[in-house]
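Novice: Have a look at this one.
The values are calculated or read from the model by the stated rules, or taken from the named source; none is laboratory data. For clarity, every value in this text was computed on a predicted model and none was experimentally measured. Counting neighbours? That spans all protein chains shown, and the Cβs are built from the backbone with ideal geometry, glycine included. Just so you know, the surface numbers come from the protein's heavy atoms only, side chains and all, with ligands and any DNA or RNA stripped out. Shrake-Rupley method; radii C 1.70, N 1.55, O 1.52, S 1.80 Å.
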Amino acid sequence: MTWDESFERRLPLIYGVVAIVIVVIAVFFLPSGPEQRLQQLLADRQYREAKALLDREAERAMRTERGWADAIEVNIQLGKVDTFGPLVGDALTTWAESDWPREYKTEIVDALGTFEERVDWAEAEFDHTPTLQGFTFLVGAMQGRGNTRREGEFLQRGIDLGLANLTHVERLAYITAAEGDAEAAIRLLTQVVETSPKPPPQARLSLFSLMVENGQAVAAVDLAVRTGLDPNDTASRGAYIFALREELRDSVHEIIGAL
Amino acid sequence: MKKLVLSFLLVLVLTPSVAAETLKRHVLALYNGSDERSIKDTRLHLMLETPFNHLGYILDYREMSAGLPDAEALRRYAGVVSWIEADVVVEEDYFRRANEAMDAGVKWIVFGDIGASRDSRAHSEYDGFLRRLGLVDTGDYITVTYDSTYDVLNRDYFGFEAQLSDVLPGYPVFVAAGNGEETLLSVQSPRMAQSAVLAAVTEQGGYMASGFAMKFVEDLQRTLWLLDPFLYLERVMDKDPWPVPDTTTLSGRRIYFSHIDGDGWVNASQAEPGQVSAEVIQHQVIEAYPDLPVSVGLVAGDIVYDEVYAPLVERTARDIFALPQVEVASHTMTHPFLWTELVDYDRQAELDDIAARALAESQLARLDTKQKTVLGDPWRFYSANPYHVDEEIAGALAVTNRLAPAGKTVQLYLWSGDTSPGPVELAAAREAGVLNMNGGDTRLDGEYPSYTYVAPLTRTVGTERQVYAVNSNENTYTNLWRGPFYGQYLLEETWQRTGAPFRLRPMNLYYHMYAGERFGSLQALTHHLDIARSTEVAPVAASLYPRIVGGFFETRVEQRGGLSWSVRDYGHLGTLRFDGVADTTQPNYAASRGVIGHRYDQSSLYLALDTSQSTAKVVLDDAPSAVLSLRQSRWKVSGADLGQCRFSAVLQGFGRPELELWAPEGEYRFALTQAGGAVSQGTARSENGVLSIDTDITSFDPITVTVRCAELEP
C-alpha cells in the first residue's frame with residue numbers, strides 16, 4: 001500500500017478528528033447560546049429581555065469578557081444602578097488587563113460619584129494612564145483641599161509628563177518657594193519668565209525677590225531689565241524697591257556695573 | 001403693702017421695655033456694573049444672596065456708579081454689602097455717607113476691594129470708614145507672597161469647602177485698628193512691619209479681602225468657599241434670634257414638589273416602544289405615585305404649530321391634566337431658548353440667525369460626524385411667527401387652559417431655555433395671574449461641590465422677581481441629554497446636602513417630558529419618587545413654592561418684646577425659623593396667635609403658621625405647654641383652633657395625612673370629616689408627649705380634623 005493509498009484510507013478518520021477539534025474549539029471559545037442571544041438582544045435594544053436572560057442564565061451569558069461587558073451595558077441601559085455598580089467593580093478585578101471596565105468605572109464615577117470618590121478614582125486612573133484631564137482635575141482637587149504637598153507632587157509629574165502649562169509651572173514655583181526650596185523655585189520661575197510671552201507680574205517679582213535674597217542680585221536685575229519692567233506697575237515697583245532697599249545695599253557697585 | 005408696690009415698680013423699671021420695632025430685612029447690594037454686566041452675573045447674586053436669603057435677608061441691588069442712596073433711604077437697610085474686584089473708585093462722599101449709616105446702626109460688609117483711590121488715604125472719611133471695620137490702610141500691597149504665613153486663622157470660619165493654601169494670592173496691607181475688631185484671618189510677612197488683616201468683624205460691619213473668601217480653582221473649573229459665608233454673615237449681621245421666614249418647611253416637614261417641562265412630549269420612547277414619552281411619564285411616573293403631586297407644563301406650540309402631532313399632544317395632555325395629583329402649568333408657547341434675545345426683539349435678526357444656522361447645518365452635514373460641532377440653540381423652537389409677549393404668555397395660558405378639566409386652570413408658568421425672561425415677560429405672567437418659576441440650576445454634589453451652586457430664591461429683574469426652581473433638571477446630569485441617561489440619580493446627593501446639616505432648600509424633582517424616552521432616566525425618576533415617598537416630607541403642588549417665596553419677600557416682622565414678635569403679610573409662607581435657640585424653647589400658645597405648631601430640628605426651631613390668617617403673634621418661652629399643637633403633618637394644616645384637650649384644623653395634601661400633635665399623656669378621640677360629610681373616627685394615645693393620628697384616608701379635597709381628650713364628651 002502506497003503512502004497515498006494509506007492516506008486516502010485514513011482520510012475519513014482525519015476529517016472526523018478535525019471536526020471534533022473544531023467543535024471543541026467552538027464549545028470553549030465561541031459565544032455560547034445565551035451569550036449570542038444576549039448580544040443579539042442588546043443590538044436590538046431589547047434591554048428588558050436581555051435582563052431577563054441575564055437573570056435566568058447569568059453564568060452562561062457572562063462566560064466570556066464580551067458577555068460581561070454586554071451584561072454591564074444592559075444594566076446601564078436599564079439604569080439599574082444597584083446592579084451595574086457592583087458588576088463594574090467585579091469586572092475591574094476579573095478583567096484587570098482590559099480597558100473597558102475602567103472606562104465604565106470612569107463613566108459611573110463622573111455621573112454619580114461624590115467628590116471624594118472622584119478624587120480617589122482620578123488618582124487611580126492617573127497612576128494607570130496619565131491624561132491631561134486627570135492631571136488638571138487632581139491638581140485642582142489638591143488645591144481645593146489645601147494639600148500643597150500633594151499638589152506639588154502632581155504638578156511635578158505633570159511637568160515631567162509634558163501635561164503642564166506655564167501656569168502650572170508658576171504654581172509649583174510658589175509651592176517650592178513657600179516650602180523654602182529657593183533654588184528650585186528660581187529655576188521654575190525663570191522658565192516662566194523667560195518663556196511666557198507676557199510673564200505675570202507676580203512671577204517676575206517673586207523671581208526677582210528670590211534671586212536677590214539668594215545672592216543673585218546682578219542676575220536678578222539683568223533678568224528684570226531684560227524681561228521688561230513696567231513703570232506703570234506700581235504694585236511691582238514697590239516690591240522691586242523693597243528688594244533693592246533690603247538686599248542690594250552691599251551690591252550696589254556690582255549692579256551699577258551690570259547695568 | 002409698701003414692699004409690694006416697690007417690688008412692682010422695680011419690676012417695671014427692670015423689665016426691658018421694647019417698643020414695637022420693624023426688623024430690617026433688606027440689604028443694599030452694591031456691584032460694579034462695568035465688571036458685572038447684569039445682576040445675575042454678579043458675585044453678590046451668585047455667591048452671597050443664597051446665604052443672605054437663608055438668614056432671612058433680601059438683597060436690593062444697586063450699581064456702584066449710581067452712588068449711595070440718601071441718608072434716610074440708607075438707614076432703612078439692615079446692612080450694605082459690596083463685592084468689587086478693582087476698577088471702581090468711589091468718591092469721598094461715599095465714605096462719609098457710609099460712616100453716617102454705620103453710626104446709625106447699618107452694618108457694612110466689604111468683600112474684595114474697598115474702592116479707594118491712591119488719594120483716599122489723605123481723607124479722614126476714608127480713614128474713619130476703615131476704622132469702623134477695624135482697619136487702617138498702610139497703602140502697601142504685597143505681591144510677592146512666598147514668605148507670607150498665616151498669623152491668625154480662625155478655623156471656625158475658614159476651610160469651609162476648600163482649605164487655605166500655603167501659596168497666597170497678593171493682598172493689600174490693612175493693619176488692625178484696635179477698634180474692638182475681631183480678626184478672623186491675618187498674615188505676616190518679612191515685607192511688612194505688622195500683620196495684614198484679611199478678614200475682620202466689628203460691631204459696625206465686616207471686611208473680607210479679595211481672594212480669601214472663595215476661590216475659583218481653575219483646574220477644576222469650580223468655585224469653592226474658603227470662608228463659611230453663613231457663619232460669617234450671621235456674625236456680622238449680629239442679630240438676636242428672630243423669626244426668619246423659611247421657604248423649606250411646611251407643617252413641620254421639609255417641602256417636596258415636582259414639576260415637568262413639556263419638551264419632548266411626543267418623542268418616541270425606547271423604554272416603551274409604541275408609546276411617546278408623555279404616555280410613559282403618565283403611566284409609569286405620575287399614575288404610579290398618586291400620593292406625590294406634580295405640575296406639568298405644556299409647550300402650547302406643540303398644539304398650535306405642530307400639525308402632525310397636535311392631536312396626540314392634545315389627547316395626552318387632557319389625560320394627564322385630568323389626574324387629581326396633577327397641577328396644570330404652562331411651559332411657554334414657542335419655547336424660547338434665548339429669552340435674552342427677546343428682551344429687545346428684532347425679527348430680522350432672528351430670521352438672519354435662522355438662515356445662518358441653516359447654512360451652518362448644511363455645511364456641517366458634509367463633514368464626518370466626529371468633526372461636527374454642536375450648534376448653539378436657536379432663539380425659539382417655534383419661530384414661524386414673530387415673537388410677541390402676549391402670544392408667548394397669555395396665548396400659551398389660553399391654549400393650555402382649554403385642555404384642563406373643569407375646576408383646574410394654569411397656576412404656574414415655567415420659563416424655558418436660558419430661563420432669563422425680561423421684565424416685560426415677568427410682568428405679563430404676573431398680570432395673567434400665574435406664578436412663575438425655573439432657572440437657577442441648583443446642584444450641590446460631587447460634580448458641583450459647593451454652596452456657590454445653590455441658587456438664591458429669586459432673580460431680581462427691574463421691579464419683578466423670577467423665582468428659581470429649587471433643583472436642576474436632568475439636562476445638567478445627562479450632559480444635555482447625551483448620556484449617561486441615569487445621571488439624575490445624583491440629585492439624591494443635592495437633596496441630602498441641602499437638607500443637612502441645616503435645611504437650606506426643599507426637595508424638588510424637576511425634569512422634562514423626554515425623560516420618558518429612556519429606561520435610565522425613568523429609573524432615576526422612580527428612585528427619587530421612592531425617596532420622597534419614604535421620607536418625611538410635605539408634598540405640595542409646585543405653584544405653592546413660588547407663593548411661599550413670595551411670602552418670604554413680603555413678610556414683615558416687628559419685635560414686641562424680648563421674645564415676642566408680630567408677623568404680618570406672610571401670605572402662603574407657613575414657617576418661621578429660629579436659629580440659635582435652646583431646644584427647650586417653644587411657643588407660648590396661650591399668648592401667641594396664628595402659631596399652630598413647633599418642631600426643633602438640626603439646631604433650629606421651626607414654627608408652623610396658620611396661613612388662613614394674615615398676621616401672627618409669636619411669643620416664645622421655655623415652659624412646656626398643655627395646649628394641643630402641631631408637631632408635624634404630611635398635609636398642610638390651616639384654620640387651626642388650639643386649646644387644652646382640643647385641636648381642630650383643616651388639612652389638605654396628598655397621600656395620607658400622617659398627623660402628629662404635641663399632646664399631654666393620655667387617651668384622645670379624633671374625627672376626620674371629608675368634604676362629602678364622611679367621617680372617620682378613632683382613638684389614639686399620646687406617648688412621650690406626641691399624639692400620632694394615622695389613618696388610611698386619602699383625599700385630594702380638604703378634610704377637617706378634630707381631636708379631643710377621651711374623657712370629654714364628644
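Novice: Once phi is turned into θ = phi - 60°, what whole-Hz ³J(HN,Hα) does the Karplus curve with 6.51, -1.76 and 1.60 give for every residue of the stretch B:476-489, x standing for Gly and Pro?
Specialist: Listing the rounded values in order: 6, 8, 10, 6, 6, 6, 10, x, x, 7, 8, x, 6, 3 Hz.
Novice: Taking 1 over the mean of 1/r across every pair of different Cα atoms in the stretch B:287-435, what Kirkwood radius in Å do you get? Provide the component values of the computation, followed by the final result.
Specialist: Values: mean 1/r = 0.0596 Å⁻¹.
Taking every pair of different Cα atoms in the stretch B:287-435, averaging 1/r and inverting gives 16.8 Å.
Novice: Amide H neighbours of B:Gly33 under 5 Å, at least 5 residues apart or on other chains, H built in the peptide plane: list them.
Specialist: Result for B:Gly33 returns B:Met64, B:Ser65.
Novice: When the helix-only estimate is applied to the protein assembly as shown (DSSP H runs of n ≥ 4, each -39,500 (n - 2.57), divided by the residue count), what is the mean residue ellipticity at 222 nm, nearest 500 deg cm²/dmol?
Specialist: -11000 deg cm²/dmol
Novice: Right, here's the next one. Counting only residues 5 or more places away or on other chains, whose amide H sits under 5 Å from the amide H of B:Leu509 once H atoms are built in the peptide plane?
Specialist: Excluding prolines and chain starts, which carry no amide H, the hits are B:Phe257, B:Ser258, B:His259.
Novice: How big is the Kirkwood radius of the stretch B:243-344, worked out from every pair of different alpha carbons and given in Å to one decimal? Each step should come with its number before you reach the end.
Specialist: Working: mean 1/r = 0.0650 Å⁻¹.
Result for the stretch B:243-344 stands at 15.4 Å.
Novice: Between the stretch B:97-174 and the stretch A:59-121, what is the separation of their alpha carbon centroids in Å?
Specialist: Taking the Cα centre of each part, the stretch B:97-174 and the stretch A:59-121 sit 51 Å apart.
Novice: For the pairing of chain A with chain B, what total accessible surface becomes buried, with a 1.4 angstrom probe, in square angstrom to the nearest 100?
Specialist: Buried area (both sides, nearest 100 Å²): 3300 Å².
Novice: Report the trypsin sites (Lys or Arg not before Pro) located in the stretch B:392-491 that are in a DSSP loop and have at most 14 other Cβ atoms inside 10 Å of their Cβ, or state none.
Specialist: Values: sites: B:Arg402, B:Lys408, B:Arg430, B:Arg443, B:Arg459, B:Arg465, B:Arg482; in loops: B:Lys408, B:Arg443, B:Arg482.
Passing both the DSSP loop test and the Cβ count: B:Arg482.
Novice: In nm, to one decimal, how far is the A:Arg150 label point from the A:Thr114 one, both placed 7 Å along Cα→Cβ?
Specialist: About 1.4 nm, to one decimal.
Novice: Would you list B:Lys239, A:Lys198, B:Lys215 from the most to the least accessible area, probe 1.4 Å?
Specialist: A:Lys198, B:Lys239, B:Lys215
Novice: A further question on this structure: What GluC sites (Glu not before Pro) does the stretch B:571-677 have in DSSP loop regions with at most 13 other beta carbons within 10 Å?
Specialist: B:Glu665
Novice: Run through the stretch A:97-163 and list the trypsin sites (Lys or Arg not before Pro) located in a DSSP loop whose Cβ has at most 14 other Cβ atoms within 10 Å.
Specialist: In loop regions of the stretch A:97-163 (DSSP not H, G, I, E or B), there are no sparsely surrounded trypsin sites (Lys or Arg not before Pro).
Novice: Check B:Thr458: other-chain or 5+ apart residues with amide H under 5 Å from its amide H, H built from backbone geometry?
Specialist: B:Tyr468
Novice: Something else now. Could you tell me what a quarter of the Cα convex hull surface of the stretch A:137-223 works out to, in nm² with one decimal place?
Specialist: Projected area, direction-averaged: 5.5 nm².
Novice: Take the Cα of B:Glu91, step 7 Å along the line toward its Cβ, and report every residue of the stretch B:107-128 whose backbone nitrogen sits under 20 Å from that point.
Specialist: It comes to B:114-128, nothing else.
Novice: Provide A:Arg226, B:Arg131, A:Arg171, B:Arg97 ordered by accessible surface of protein heavy atoms (probe 1.4 Å), highest first.
Specialist: A:Arg226, B:Arg131, B:Arg97, A:Arg171
Novice: Suppose R0 equals 41 Å. What FRET efficiency, 1/(1 + (r/R0)^6) with r the Cβ-Cβ distance, do B:Asn688 and B:Ala73 give to the nearest 0.05?
Specialist: With R0 = 41 Å, the Cβ-Cβ based efficiency is 0.20.
Novice: Can you send over the solvent-accessible area of B:Asp127, 1.4 Å probe, protein chains only, in Å² to the nearest 10?
Specialist: That residue has around 50 Å² of solvent-accessible surface.
Novice: If you don't mind, another one. Which positions within the stretch A:188-226 get 50 Å² or more of their accessible surface covered by the other protein chains, compared to the chain by itself, with a 1.4 angstrom probe?
Specialist: In the stretch A:188-226, residues shielded by partner chains: A:Gln202.
Novice: Quick one: 3J(HN,Hα) in Hz for the stretch A:127-139, Karplus 6.51/-1.76/1.60 with θ = phi - 60°, rounded, Gly and Pro as x.
Specialist: Once rounded to whole Hz, the list reads 5, 7, 9, x, 10, 4, 4, x, 4, 5, 4, 5, 4.
Novice: With a Förster radius of 35 Å, plug the Cβ-Cβ distance of A:Ile14 and A:Ala52 into 1/(1 + (r/R0)^6) and report the FRET value to the nearest 0.05.
Specialist: Taking R0 as 35 Å, the efficiency between A:Ile14 and A:Ala52 is 0.20.
Novice: When all protein chains stay in place, what accessible area (Å², nearest 10, 1.4 Å probe) is found for A:Trp100?
Specialist: 50
Novice: D for the protein assembly as shown, whole µm²/s, Stokes-Einstein with Kirkwood Rh over alpha-carbon pairs at 4 °C and 1.567 mPa s: what number? The partial results should precede the final answer.
Specialist: Details: Rh = 32.6 Å.
It comes out at roughly 40 µm²/s.
Novice: Something else now. If one computes the Cα centroid of the stretch B:566-617 and of the stretch B:256-271, what distance in Å separates the two points?
Specialist: Centre-to-centre distance over Cα atoms comes out at 38 Å.
Novice: Follow-up. Suppose every Lys and Arg Cβ carries +1 and every Asp and Glu Cβ carries -1, with no other charges. What dipole size does the protein assembly as shown come out with about its Cα centre, to the nearest 20 debye?
Specialist: Around 2240 debye, computed over the protein assembly as shown.
Novice: Now for a different question. For a paramagnetic label modelled at 7 Å from the Cα of B:Arg235 toward its Cβ, which residues of the stretch B:129-146 fall within the zone defined by backbone nitrogen distances under 19 Å?
Specialist: So the set is B:131-136.
Novice: Per residue of the stretch B:75-85, what does 6.51 cos²θ - 1.76 cosθ + 1.60 with θ = phi - 60° give for ³J(HN,Hα)? Whole Hz please, x for Gly and Pro, Karplus curve as stated.
Specialist: Whole-Hz 3J(HN,Hα) from phi for the stretch B:75-85: 5, 7, 8, 6, x, 10, 10, 10, 9, 10, 10.
Novice: Pulled fully out, how much extra length does the chain show between B:Asp151 and B:Asp346, if you take 0.36 nm times their separation in residues and subtract their Cα-Cα distance? Working shown, then result.
Specialist: Working: separation 195, 0.36 × 195 = 70.20 nm, distance 5.76 nm.
Extra length from B:Asp151 to B:Asp346 when fully extended: 64.4 nm.
Novice: While we're here: With the full set of protein chains in place, find how many percent of the accessible area of the protein assembly as shown is carbon and sulfur; take the probe as 1.4 Å.
Specialist: Details: 21680 of 42390 Å².
Summing carbon and sulfur atoms, their accessible area is 51 percent of the total for the protein assembly as shown.
Novice: In Å², what does the accessible area per residue of the protein assembly as shown work out to with a 1.4 Å probe?
Specialist: Value returned for the protein assembly as shown: 44 Å² of accessible area per residue.
Novice: Moving to a separate point now. Taking only the Cα atoms of the stretch B:224-267, how large is their convex hull per residue, in Å³?
Specialist: Details: hull volume 7.3 nm³, N = 44.
So the per-residue hull volume is 165 Å³.
Novice: Take the Cα coordinates of chain B, assign each an equal point scatterer, and use the Debye formula without solvent to give log10 I(q)/I(0) at q = 0.10 Å⁻¹.
Specialist: Each listed q maps to, in turn, -1.08.
Novice: Order B:Val110, B:Val619, most accessible first, counting only protein heavy atoms with a 1.4 angstrom probe.
Specialist: The ordering from most to least exposed comes out as B:Val619, B:Val110.
Novice: Let me ask something additional. Please find the FRET efficiency linking A:Asp99 to B:Ala310, where r is the Cβ-Cβ separation and R0 is fixed at 51 Å, and quote it to the nearest 0.05.
Specialist: Working: r = 48 Å, r/R0 = 0.95.
The calculated FRET efficiency here is 0.60.
Novice: Note every residue of the stretch A:73-88 with a reduction of at least 10 square angstrom in accessible area, all protein chains present versus the isolated chain, computed with a 1.4 Å probe, or write none.
Specialist: Going by heavy-atom accessible area, the residues of the stretch A:73-88 that drop by at least 10 Å² are A:Ile76, A:Gln77, A:Leu78, A:Gly79, A:Lys80, A:Val81, A:Phe84.
Novice: List, by residue number, every residue in the stretch B:482-511 with a reduction of 20 Å² or greater in accessible area between the chain on its own and the complete protein assembly, 1.4 Å probe.
Specialist: In the stretch B:482-511, residues shielded by partner chains: B:Pro484, B:Tyr486, B:Tyr489, B:Leu490, B:Glu493.
Novice: Heavy-atom accessible area of B:Val679 with all protein chains present, probe 1.4 Å, nearest 10 Å²?
Specialist: 90
Novice: Taking a threshold of 25 Å on the Cα-Cα distance, which of the pairs A:Lys80/B:Lys636; B:Lys24/B:Lys617; A:Lys198/B:Lys40; B:Lys239/B:Lys617; A:Lys105/B:Lys40 fall above it?
Specialist: Correct reply: A:Lys80/B:Lys636; A:Lys198/B:Lys40; A:Lys105/B:Lys40.
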